[in-house]
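Chemist: Structure provided below as structure tokens; questions to follow.
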Amino acid sequence: MEAARNLAAAEKMHGWFEEVLRLADQGLFGIVPEGPHRGAVILDVLTQNARLILDSEMDKEGTLYKPLSLFLAAGCRKLKVPLGVRHWKAAVENVLRLSEQMAAPEASTEVALDLGNPAAIFFGELRESIRQAGLAGTRGYQDREIALGLAINWGMRFLLAYALACPLPRASGRKGLGWIRSLLSTAPARASRRPRR
């Protein structure tokens with residue numbers, strides 16, 4: 001049952017991302033024909049939104065939704081990789097599992113060490129991967145494509161955790177952070193629970 005709900009949320013996220021790609025292709029990447037100029041536009045969109053993500057603080061108003069969505073779209077176009085349902089399912093399960101682990105009573109200890117919430121953790125990983133990819137004027141890791149792939153991976157997880165952290169209502173008929181939050185609120189679990197010892 002839980003696996004089916006996680007899969008349903010992943011399928012809806014996949015559909016959402018396909019729509020984001022379609023809009024980005026039509027309104028941004030498609031301003032020039034296929035070829036080297038389109039590659040330059042994709043790189044511009046990627047670096048511009050990477051800078052916005054690096055220069056921003058995590059908020060609860062949803063201001064990172066647009067640059068994050070465009071970063072993911074441009075990153076996938078740059079690497080020429082699709083994000084399938086299985087990728088979204090893994091991200092959904094990862095975010096829900098971490099959220100549950102951090103909310104568990106045994107997660108709080110007597111040590112004065114605040115790790116933040118899942119969104120803060122994934123945001124930190126995303127930003128470090130952007131730096132390692134050499135985007136936004138930073139000196140990068142040796143294999144920038146691997147670092148960009150990791151940034152996409154962390155970006156997916158941050159998007160989901162960010163939706164849970166932002167108390168935004170679902171706008172009627174619009175698929176934004178409130179909509180994503182509602183998907184995750186109806187997918188209460190992780191597919192593979194490890195037994196407690």
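The values are calculated or read from the model by the stated rules, or taken from the named source; none is laboratory data. Everything quoted here is computed from the prediction, not taken from an experiment. Positions of Cβ are backbone-derived with ideal geometry, glycine not excepted, and every protein chain shown enters the neighbour counts.
Chemist: Can you tell me which residue among Arg97, Arg5, Arg22 is under 24 Å from Arg174 (Cα atoms), in contact (Cβ under 8 Å) with a residue 12 or more places away in the chain and charged (D, E, K, R)? Before you say what the answer is, go through the steps one by one.
Modeler: On the way: Arg97 fails: under 24 Å from Arg174 (Cα atoms); Arg22 fails: in contact (Cβ under 8 Å) with a residue 12 or more places away in the chain.
Checking each option against the conditions leaves just Arg5.
Chemist: Oh, and also: Identify the single condition in (1) assigned to a helix (DSSP H, G or I); (2) within 18 Å of Leu177 (Cβ to Cβ) that Gln26 does not satisfy, given that it satisfies every other one.
Modeler: (2)
Chemist: Consider only pairs whose beta carbons are under 8 Å apart and that are at least six residues apart or on different chains; among these, list those whose first residue lies in the range 147-158 and is in contact (Cβ under 8 Å) with a residue 40 or more places away in the chain and whose second residue is part of a helix (DSSP H, G or I) and acidic (Asp, Glu).
Modeler: Final answer for the pair search is Arg157/Glu125; Phe158/Glu125.
Chemist: Follow-up question, since we're still on this one. For the structure I just gave you, tell me whether Ala40 is among the small types (Gly, Ala, Ser) and without any contact (Cβ under 8 Å) to a residue 40 or more places away in the chain. Show your work before the answer.
Modeler: Details: among the small types (Gly, Ala, Ser): yes; without any contact (Cβ under 8 Å) to a residue 40 or more places away in the chain: yes.
Yes: the conditions hold for Ala40.
Chemist: Can I ask one more? Only one of (1) within 13 Å of Val95 (Cα to Cα); (2) of a type in the set (D, E, K, R); (3) at pLDDT 90 or above fails for Arg190. Which number is that?
Modeler: (3)
Chemist: What are the residues in the range 84-101 that are more than 17 Å from Ala163 (Cβ to Cβ) and polar (S, T, N, Q), if any? If you could, list the steps in order and put the result at the bottom.
Modeler: Here is the first cut: in the range 84-101, the ones more than 17 Å from Ala163 (Cβ to Cβ) are 84-86, 101.
The answer is Gln101, and nothing else.
Chemist: Can you name the residue in the range 80-126 that is part of a helix (DSSP H, G or I) and loosely packed, with under 13 Cβ neighbours inside 10 Å and, of all such residues, is modelled with the lowest pLDDT?
Modeler: In this case the residue turns out to be Ala107.
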